[in-house]
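Q: Can you read through this structure? Questions will come right after.
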Amino acid sequence: MNNTPMPFLIRLLVNAAALWVATQVVPGVSYAGGPVPMLGVALVFGVLNASLRPVAKILTFPLIIVTLGIFALVINGLMLWLTSSLSSALGLGFHVSGFWAAFWGGLVVSLLSMMLSMLVVADAPRPPR
């Protein structure tokens, strides 16, 4: 078993990069701060996604099925909006200005996180067998 914190750090950096790109391309998603507070925002986002997102998906499962998965995008947006609220309370400088900004920001963050994660995993060295 590997006890290194590398997967956690890689995930944190991937989330931070995806969140930063969302602040650059989605109107209504903004960030005022440096790289270290953005890691804090990524940490808040990661904790929310690991803890609340599964519960939200279970509770809204029938709605996700009826909308053929589109409601999962709404959940992603709500996680981003909640990240904004908690980040503002912590003074991290991340702000989402409404539902549609959160929706589109959540879509951008989800897609970029997925692509960056695939890229990082593809380039990761494999342990010997």
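Q: Counting helices only, and only those DSSP H runs with n ≥ 4, report the 222 nm mean residue ellipticity of the chain as the sum of -39,500 (n - 2.57) divided by its residues, in deg cm²/dmol to the nearest 500.
A: For the chain, the value works out to -25000 deg cm²/dmol.
Q: Could you point to the label whose value was computed as mean projected area of the Cα convex hull in nm² for the structure here, given [x] 8.7; [y] 7.5; [z] 9.3?
A: [z]
Q: Evaluated at 25 °C with a viscosity of 0.890 mPa s, what Stokes-Einstein diffusion coefficient in µm²/s does region 1-76 have when Rh comes from the Kirkwood expression over alpha-carbon pairs?
A: Approximately 172 µm²/s, per Stokes-Einstein.
Q: Could you put R129, R11 in order, starting from the residue whose Cβ has the fewest other Cβ atoms within 10 Å?
A: In order of increasing Cβ crowding within 10 Å: R129, R11.
Read-outs: derived from the displayed coordinates by stated rules, not from any lab. Because the structure is predicted, anything quoted here is derived from the model rather than measured. As a convention, Cβ positions derive from the backbone with ideal geometry for all residues, glycine included, and neighbour counts pool all protein chains shown.
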